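Quick note: the coordinates plus some simple rules give every number you see, no bench work behind them. A quick note: this is a predicted structure, and the numbers were derived from the prediction, not measured. Cβ coordinates were reconstructed from backbone atoms using ideal geometry, including for glycine residues, and neighbour counts include every protein chain displayed.
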Amino acid sequence: MDSILMQRRLFLYNFRNLRKAKGRRETYLCYVVKRRDSATSCSLDFGYLRNQMGCHVEVLFLRYIAAWDLDPGRCYRITWFTSWSPCYDCAQHIASFLRSYPNLSLRIFMARLYFCEERKAEPEGLRRLHKAGAQIAIMTFKDYFYCWNTFVENREQAFKGWEGLHENSVHLARKLRRILLVRDNTPSSFSNASSPSLFLSSSL
């Protein structure tokens with residue numbers, strides 16, 4: 001686990017929603033975990049993670065939360081803010097995890113879309129993730145503002161958006177909408193992806 005608050009330069013560099021984000025190879029994941037008690041919710045934890053050697057950040061979080069031994073009789077809501085959308089394999093792992101924990105809901109707000117072009121597996125992964133019940137969306141100014149005040153060591157400095165933030169957010173949101181509207185159809189070339197249950201079984 002990293003420290004609870006992220007340095008400003010790390011957040012601004014890694015979460016900037018550029019259309020071409022060269023050099024940004026790490027994925028950062030800010031999270032909030034809440035337990036829902038009737039009409040109210042109780043915050044249990046928040047913080048951020050990043051990729052570690054040989055393991056994507058999404059899987060790191062799944063291992064972390066699975067170790068909590070969640071009460072099956074209670075409902076939990078997890079919110080992620082990620083610098084990249086998940087790759088195909090990670091989307092599969094997340095979808096499998098959600099099916100295993102029906103009392104847990106997940107919302108993912110993404111700064112950028114990872115390899116979501118034609119003939120790539122990633123768009124199909126997002127569709128499967130959405131079908132599994134995850135709510136996925138592109139980060140807007142409001143989400144950046146929330147992250148800045150929740151996860152960043154901002155030293156009481158107000159968040160100031162960068163040029164193109166709104167335009168790029170709208171562009172990516174439209175692209176994500178087009179991806180999710182495509183009928184579920186898994187090309188045979190994706191069939192060699194590793195099984196989520198095999199990937200997570202030993203550590204969960």
Cut-off under 5 Å, modelled amide H: who pairs with Met6 long-range: Val152, Glu153
At a threshold of 8 angstrom on Cα-Cα distance, excluding pairs fewer than six apart, so keeping six or more, what relative contact order does the chain reach in percent? 23
What is the set of long-range amide H partners of Ser105 at a cut-off below 5 Å, with H atoms built 1.01 Å from backbone N? Tyr76, Arg77, Ile78
Cα-Cα P(r), region 49-107, percent of pairs per 10 Å interval: 20, 59, 20, 1
How large is ³J(HN,Hα) for each residue in region 44-56, as worked out from phi by the Karplus curve 6.51 cos²θ - 1.76 cosθ + 1.60 (θ = phi - 60°), to whole Hz, x for Gly and Pro? 9, 6, 8, x, 8, 10, 9, 3, 10, 3, x, 8, 6
Given the DSSP H assignment, sum -39500 (n - 2.57) over each helix run of at least 4 residues in the chain and divide by its residue total; what's the result at 222 nm in deg cm²/dmol, nearest 500? -10500 deg cm²/dmol
On each of the three principal axes the extent of the alpha-carbon atoms of region 7-64, given in whole Å and largest first, is 45, 25, 21
Which of the three applies to region 8-201, rounded, prolate or oblate, going by the alpha-carbon gyration tensor with a ≥ b ≥ c and a/c under 1.5 meaning rounded? oblate
For region 22-34, Karplus couplings with θ = phi - 60° (6.51, -1.76, 1.60), whole Hz, Gly/Pro x: 5, x, 8, 9, 8, 10, 9, 10, 9, 9, 9, 10, 10
Roughly how many nanometres apart are two label points built 7 Å out from the Cα toward the Cβ at Ile4 and Glu153? 1.4
Candidates Phe11, Phe97, Phe159; GNM for the chain (alpha-carbon contacts under 10 Å) flags as most fluctuating Phe159
Taking H placed 1.01 Å from N in the peptide plane, check which residues at least 5 places from Tyr114 or on another chain put their amide H under 5 Å from its amide H. Ser85
Can you compute 3J(HN,Hα) from phi for each residue in region 59-75, using the Karplus curve 6.51 cos²θ - 1.76 cosθ + 1.60 with θ = phi - 60°, rounded to whole Hz and x for Gly and Pro? 5, 4, 5, 4, 5, 4, 6, 5, 6, 6, 6, 4, 5, x, x, 10, 9
